[in-house]
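The values are calculated or read from the model by the stated rules, or taken from the named source; none is laboratory data. Predicted model, so just to flag it, every value in this text is computed and none were measured. Cβ sites come from the backbone with ideal geometry, for glycine too, and all protein chains shown count toward neighbours. The protein model used for the area step is the full one, side chains on, heavy atoms only, and it has no ligands, DNA or RNA in it. Shrake-Rupley method; radii C 1.70, N 1.55, O 1.52, S 1.80 Å.
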Amino acid sequence: QVDLVESGGGLVQPGGSLRLSCTASGDILDNYDIGWFRQAPGKEREGVSCISSSSGKTYYADSVKGRFTISRDNAANTVYLQMNNLKPEDSAIYYCAGDRSPDWIFVAIMRGGSGLDSWGKGTLVTVSS
């Protein structure tokens with residue numbers, strides 16, 4: 001089972017940018033499809049974006065489409081989430097999660113990550129002036 005660690009969160013003003021990283025250890029990241037999820041206080045966890053390990057296929061939630069970009073660097077064992085034009089409603093703890101089953105992540109992303117085994121501990125993103 002892969003260990004995932006998120007980094008890159010912080011405090012940013014509305015309209016600003018952050019790049020989150022999800023770095024794997026214990027296994028090769030290109031064995032895993034990876035998704036980003038977020039959970040704000042008092043809200044359920046929601047899927048933000050995901051990327052296939054093999055085809056590079058991606059998915060974005062409507063709320064982030066056109067502002068966030070997911071990418072992966074398998075040589076660096078890292079998946080990135082570039083977040084631009086951030087809004088206060090993007091504030092949340094962001095988690096990455098992975099799965100070895102091909103394309104299962106594209107189902108799990110719609111279910112808030114239910115059924116995924118490998119999770120990081122999260123990184124906090126706060127968008128505020």
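In nanometres, what is the gap between the two model label sites at residue 114 and residue 58, each 7 Å from Cα along Cα-to-Cβ? With each label placed 7 Å out from Cα toward Cβ, I get 2.8 nm. Here the spin labels are modelled as points 7 Å beyond Cα on the Cα-Cβ line, and at residue 100 and residue 44 they lie 3.0 nm apart. How much FRET efficiency would the formula 1/(1 + (r/R0)^6) give for residue 19 and residue 128, where r is the Cβ-Cβ distance and R0 is 22 Å, rounded to 0.05? Step by step, r from the Cβ atoms, then E = 0.75. Here the stretch 1-52 is treated as an ellipsoid with the same Cα gyration tensor; its semi-axes, largest first and in whole Å, are 23, 14, 11. If you roll a 1.4 angstrom probe over the protein chains with everything in place, what fraction of the accessible area of the stretch 6-129 belongs to carbon and sulfur, to the nearest %? Summing carbon and sulfur atoms, their accessible area is 47 percent of the total for the stretch 6-129. In terms of Cα atoms, the Rg and Dmax of the stretch 78-129 work out to 12.9, 41 Å.
Two numbers describe the Cα atoms of the chain: Rg and Dmax, which are 13.4, 41 Å. Computed with a 1.4 Å probe over protein heavy atoms only, the accessible surface of the stretch 3-104 comes to 47 Å² per residue. Dipole of the chain (Lys/Arg Cβ +1, Asp/Glu Cβ -1, origin at the Cα centre): which of 80, 15, 64 lies farthest to the positive side? With unit charges placed on the Cβ atoms, the residue in question is 15.
Checking every one of the trypsin sites (Lys or Arg not before Pro) in the stretch 51-129 against DSSP loop status and a limit of 15 other Cβ atoms within 10 Å picks out 57, 65, 67, 100, 121. The relative contact order of the chain, computed from alpha carbon pairs under 8 Å that lie at least 6 residues apart in sequence, is 37 percent.
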